[in-house]
Amino acid sequence: MNHNLLVMTALYLLVAFPLSLMDSRKFRISLPFLLLGSIAFILCRFVFLNMPLIPGLKNLFFALSSTFLIYFCTRVFSGDGLGFGDIFFGMYSALYTGFYMNIVATVLAALLGLLYYLLLAIIQRHKKKQHIHRPVFAIPFVPFITAGSVLSMLLFYVLH
């Protein structure tokens with residue numbers, strides 16, 4: 001496996017894993033921790049991994065702006081179903097995946113989240129038959145963004 005991809009994945013997961021756990025438990029993430037992780041990620045890309053400056057900035061700009069637009073529109077059209085923490089975390093994931101693979105990562109995250117939601121709905125329907133009713137209102141989305149991002153980068157590595 002590519003050394004740079006291993007370094008980037010390790011750094012990504014160093015921030016993504018604790019935030020995924022936090023979102024799973026509290027439906028909130030630490031934005032200062034996310035900002036610190038983002039700064040470290042950008043520095044790692046440009047300083048330690050010698051990413052070319054102009055193409056790198058262009059890729060990051062498109063990745064961040066497209067991610068913001070996709071997630072913000074999803075938030076608006078879903079009636080605030082997606083939180084701002086999810087939007088900012090999606091942008092952090094775009095730093096890891098880049099522009100093109102971020103689109104794949106977003107689709108994978110949405111599919112994984114949908115499968116999880118359907119599983120919860122099936123379980124809820126089963127409990128309802130047993131007169132135990134607990135509606136499913138929300139799922140934490142950061143873990144699915146994390147999984148989608150890592151899966152997309154694995155796909156990228158396997159296909160290249």
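Test L114 against the stated conditions and say whether it is assigned to a helix (DSSP H, G or I), open to solvent by 80 Å² or more (accessible area, probe 1.4 Å) and under 21 Å from D23 (Cβ atoms). Don't jump to the end; show me each part of the working.
Numbers: assigned to a helix (DSSP H, G or I): yes; open to solvent by 80 Å² or more (accessible area, probe 1.4 Å): yes; under 21 Å from D23 (Cβ atoms): yes.
When the stated conditions are applied, L114 passes them.
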Any hit, the stretch 125-140, residues being at pLDDT 85 or above and assigned to a helix (DSSP H, G or I): no
Qualifying positions in the stretch 14-28 - open to solvent by 50 Å² or more (accessible area, probe 1.4 Å) and within 18 Å of D86 (Cβ to Cβ): F17, P18, L21, M22, S24, R25, K26, F27, R28
Residue satisfying condition, being of a type in the set (A, V, I, L, M) and more than 20 Å from C44 (Cα to Cα), within set L60, L112: L112
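The values are calculated or read from the model by the stated rules, or taken from the named source; none is laboratory data. Predicted model only: the values in this text are computed from it and were never measured. Cβ: placed from backbone, ideal geometry, glycine included. Neighbour counts: every protein chain shown. With ligands, DNA and RNA removed, areas are computed over all heavy atoms of the protein, side chains included. Shrake-Rupley method; radii C 1.70, N 1.55, O 1.52, S 1.80 Å.
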